[in-house]
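Structure first, then comments.
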Amino acid sequence: MADSQCDDKKCPVHGPLSLRGAKLTGRVISAKAKKTAIVEIDYTRYIYKYERYLRKRSRIPAYNPDCISAKEGDTVNIGETRRLSKTKSFAVTGIVKQ
Ligand SMILES: [Zn+2]
């Protein structure tokens, strides 16, 4: 879909949706549900007791508008927004690498 034709109310680029809060980068592991991308984030947390990093991983469902339509395997930026549905409170803001 061309940028000028996007009239999606929940689109973070063209719509009135405001982004605030966390901005994250992750990999799309599933784009099966309509307008939804499951984004996996890898991060590390330092554990003082052992003086080592703990590798952690989380999966965040994000709104995936038609004008971006990220596919499985894409690296994407996501931004926190208002609650868009029961599970989604993030929206895909752009594709970093396809
Ligand atoms: Zn759009």
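Any read-out appearing in this document is the output of simple, stated calculations on the displayed coordinates, not a laboratory observation. Here the structure is a predicted model, which means the values were calculated and not measured. A quick note on method: Cβ atoms are made from the backbone with ideal geometry, for glycine too, and the neighbour counts reach across all protein chains shown.
For TYR63, are the conditions met, namely being without any contact (Cβ under 8 Å) to a residue 40 or more places away in the chain and of a type in the set (Phe, Trp, Tyr)?
Judged against the criteria, TYR63 is not a match.
Here are GLY21, GLY26: which of them is under 16 Å from ILE95 (Cβ atoms), surrounded by 10 or more Cβ atoms within 10 Å (Cβ to Cβ) and of a type in the set (Gly, Ala, Ser)?
Answer to the check: GLY26.
Go through LYS23, LYS35, LYS9 for me and flag whichever is touching a strand residue (DSSP E or B) at 6+ places or on another chain (Cβ under 7 Å) and within 16 Å of the ligand (Cβ to nearest atom).
LYS35
Among the numbered criteria (1) within 11 Å of the chain's Cα centre (by Cα); (2) free of Cβ contacts under 8 Å to residues at least 12 places away in the same chain, which one does ARG83 miss?
(1)
Looking at segment 39-98, which of its residues are on the phi > 0 side of the Ramachandran plot and either among the charged types (D, E, K, R) or more than 16 Å from the ligand (Cβ to nearest atom) (or both)?
GLU51, GLY73
Could you tell me whether LYS35 is over 11 Å from the mean Cα position of the chain (by Cα) and surrounded by 13 or more Cβ atoms within 10 Å (Cβ to Cβ)?
Answer is yes for this residue.
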